Structures are given as C-alpha cells and as structure tokens.
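See structure below.
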Amino acid sequence: MTNSASSTVLLSVDGMGCGACVAKIEKTAKAVEGVSTVSVDLANKQVSIGFSAPADTATIANAIDAAGYETTILG
C-alpha cells in the first residue's frame, strides 16, 4: 500500500490572455500524470494545481512552458 501525499503549487503564467489560453493550460496541466486539480485565474494570470507523485512542481511548470507560456513558481 502506498501513501502518496498531495501537494499544491501556485504558478504565475505569462502569456495567458483569453479563455482559449485557460483551456490550453488546464488541458496541459491535467495531462501530467499525478495532477488532480487545476484552477486557473485569468484575471491574475495564475494557476493553482493540486498533485501527487509522480508529478512534481518542475514537471508541471515545464509542461506549461512547453505549451508556449512562461511560468514562475509562486508557492
């Protein structure tokens, strides 16, 4: 039996400016194995992501960067 702790990361996302961007970021983040929740705040250009192993903060940020956005880890 494995005990996978759940974590949350808050990212700032530069380049996000419309509903299509929100949908792309949600789809990209959810495609990372271990991501359980994605909440995008378009007005503040931030995304909060809940995840557990095997996902980690760097993997999630890199996936969003690869989709054409620039992320900064806020917490």
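The values are calculated or read from the model by the stated rules, or taken from the named source; none is laboratory data. Values in this document were obtained by computation on a predicted structure and should not be read as measured data. Cβ coordinates were reconstructed from backbone atoms using ideal geometry, including for glycine residues, and neighbour counts include every protein chain displayed. What goes into the accessible areas is simple: the full protein's heavy atoms, side chains included, and nothing from ligands, DNA or RNA. Shrake-Rupley method; radii C 1.70, N 1.55, O 1.52, S 1.80 Å.
For helix 19-30, report the angle its Cα long axis makes with the longest principal axis of the Cα atoms of the chain; keep it between 0 and 90° and round to the nearest 10°.
Approximately 20 degrees, to the nearest 10.
So, for the chain, what is the accessible surface per residue at a probe of 1.4 Å, expressed in square angstrom? It would help to have the intermediate numbers written out before the result.
Values: 4300 Å² over 75 residues.
Computed with neighbouring chains in place, this is 57 Å² per residue.
Could you work out the equivalent-ellipsoid semi-axes for the chain, taking the square root of 5 times each eigenvalue of the Cα gyration tensor, largest first, in whole Å? If you can, show how the numbers build up before the last one.
Values: eigenvalues 91, 25, 22 Å².
Calculated on Cα positions only, the semi-axes equal 21, 11, 11 Å.
Please work out how much length the chain gains when fully extended from D14 to N62, using 0.36 nm per residue of separation minus the C-alpha to C-alpha distance, in nm with one decimal. Walk me through the intermediate numbers first.
Working: separation 48, 0.36 × 48 = 17.28 nm, distance 1.34 nm.
The span from D14 to N62 would gain 15.9 nm if fully extended.
What spacing in nm lies between the two simple spin-label points modelled at L42 and L74, each 7 Å away from Cα in the Cβ direction?
Roughly 1.7 nm, to one decimal.
Over the chain, what is the relative contact order in whole percent, taking alpha-carbon pairs under 8 Å and six or more residues apart? Please list the in-between numbers first.
Working: 129 pairs, mean separation 32.2, N = 75.
Contact order relative to length: 43 percent.
On C-alpha positions alone, give me the angle between the axis of helix 57-66 and the longest principal axis of the chain, in degrees, nearest 10.
Relative to the chain, helix 57-66 is tipped by roughly 30 degrees.
Per DSSP H run of n ≥ 4, the term is -39500 (n - 2.57); total these for the chain, divide by its residue number, and report the mean residue ellipticity at 222 nm rounded to 500 deg cm²/dmol. Before the final figure, lay out each step's value.
Numbers: 2 runs with 22 residues, N = 75.
Using -39500 (n - 2.57) per qualifying helix, the result is -9000 deg cm²/dmol.
With all protein chains present, how much of the accessible area of the chain (probe radius 1.4 Å) comes from carbon and sulfur, to the nearest whole percent?
Numbers: 2180 of 4300 Å².
With neighbouring chains kept in place, the figure for the chain is 51 percent.
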